[in-house]
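Working notes for the structure below.
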Amino acid sequence: MLKWLETHTPKMVLAPSFIAVLIFVYGFIAWTGWVSLTRSRLLPKYEIDGLIQYDRLFASPRWDTAFGNLFIFGALFIVIAMVLGLVLAILLDQNIRTEGALRTIYLYPMALSMIVTGTAWKWILNPGLGLEATVQGWGFETFSFDWLVDPDMAIYTVVIAAIWQSSGFVMALFLAGLRSVDTEIIRAAQVDGIPTWRVYTAIILPSMAPIFLSAFIVLSHLAIKSFDLVIALTGGGPGYATDLPATYMYAMAFSRGDLGQAASSAMVMMLVVFAIVVPYLYSELRSKDG
């Protein structure tokens, strides 16, 4: 009996969570995929009707805007957050006295929710009471910074807020990577007279390739699922100028009563996530096998 318990207790402990994940994650993914192939509107229907929802999705100007915004937001957010995080990490890696305080300051935004970040930046960028009003109050009456209410520029305010929120996290990742590099290699390079910038570009940064990949995957995931930041900062506006796939899906499901469109947009979002994550998992498994 004791031997049986030793063998099967781990399975019994894991079974409830495994069943829950199977039902409430993969089961609902399958349900969403099924609904995306029907003519569901306010309530779900279960008669398969082909790819009509996907035809409607890709013919929708609002979806075109949301999907285009995803690439603009994702590219700028990922690149700038990684560059800024790397620069901050390199600066902190110089063993400066105030490293602890600066690290806390840089990491503090990550302690805030996206809702708080979006609300704070909404106040800062509001032309009537934020940055524009403050600078004009200093006497620069021609100063203008109305990106928040400009349909062509509003998406970039989302980029600014997201970078402020996440660059500290990227800095922490890169700082941990920098501290893990063998110092003996760096000292040997310095003894040979290699300039510091060459030490970083030829030795340190290439050895941090897994850190770069991990940061890219995390930031890509944050970009694709961005919802609360947009809702708090712009509400998807002006109009639907700052819509992202997640806000489009929410609007279709809960404002427009169009479950079929919401499900099809959700499946497209999942495919984008798979397109990023699957190659990463493949490379990780391949490196372990090697």
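The values are calculated or read from the model by the stated rules, or taken from the named source; none is laboratory data. What you are looking at is a predicted structure, and each value in this text was computed from that prediction instead of being measured. Backbone-built Cβ (ideal geometry, glycine too); neighbour counts: all protein chains shown. Accessible surface areas use protein heavy atoms only, side chains included; no ligands, DNA or RNA. Shrake-Rupley method; radii C 1.70, N 1.55, O 1.52, S 1.80 Å.
Our coupling estimate for segment 121-132, obtained by passing each phi through the Karplus curve with A = 6.51, B = -1.76, C = 1.60 and θ = phi - 60°, is 6, 5, 5, 4, 8, 5, x, x, 9, x, 4, 4 Hz, Gly and Pro reported as x. Annotation: amide H-H contacts under 5 Å for THR38 (H modelled 1.01 Å from N, sequence separation of 5 or more, or interchain): ASP49. Normalised by the number of residues in the chain, the mean separation of alpha-carbon contacts (under 8 Å, six or more apart) gives a relative contact order of 29 percent. This model, with +1 at the C-beta of Lys and Arg and -1 at the C-beta of Asp and Glu, gives segment 1-100 a dipole about its Cα centre of some 300 debye. The listed residues ILE52, ILE163, ILE194, once ranked by accessible area (1.4 Å probe) with the largest placed first, stand as ILE194, ILE52, ILE163. Over segment 199-243, accessible surface divided per residue gives 39 Å², non-protein components excluded, 1.4 Å probe. 3J(HN,Hα) along segment 240-251: 10, 5, 10, 4, 10, x, 5, 6, 4, 4, 4, 4 Hz, from the Karplus curve 6.51 cos²θ - 1.76 cosθ + 1.60 with θ = phi - 60°, whole Hz, x for Gly and Pro.
Report note on the peptides 53-66, 137-150, 261-274, 165-178: ranked by the mean count of other C-beta atoms within 10 Å, highest first, their order is 165-178, 261-274, 53-66, 137-150. Converting phi to 3J(HN,Hα) with the Karplus coefficients 6.51, -1.76 and 1.60 and the offset θ = phi - 60°, segment 197-207 yields 5, 6, 4, 5, 6, 9, 10, 6, 5, x, 6 Hz in sequence order, with x at every glycine or proline. Here the accessible area is traced with a 1.4 Å probe on the protein chains. For segment 195-258, carbon and sulfur cover 66 percent of it.
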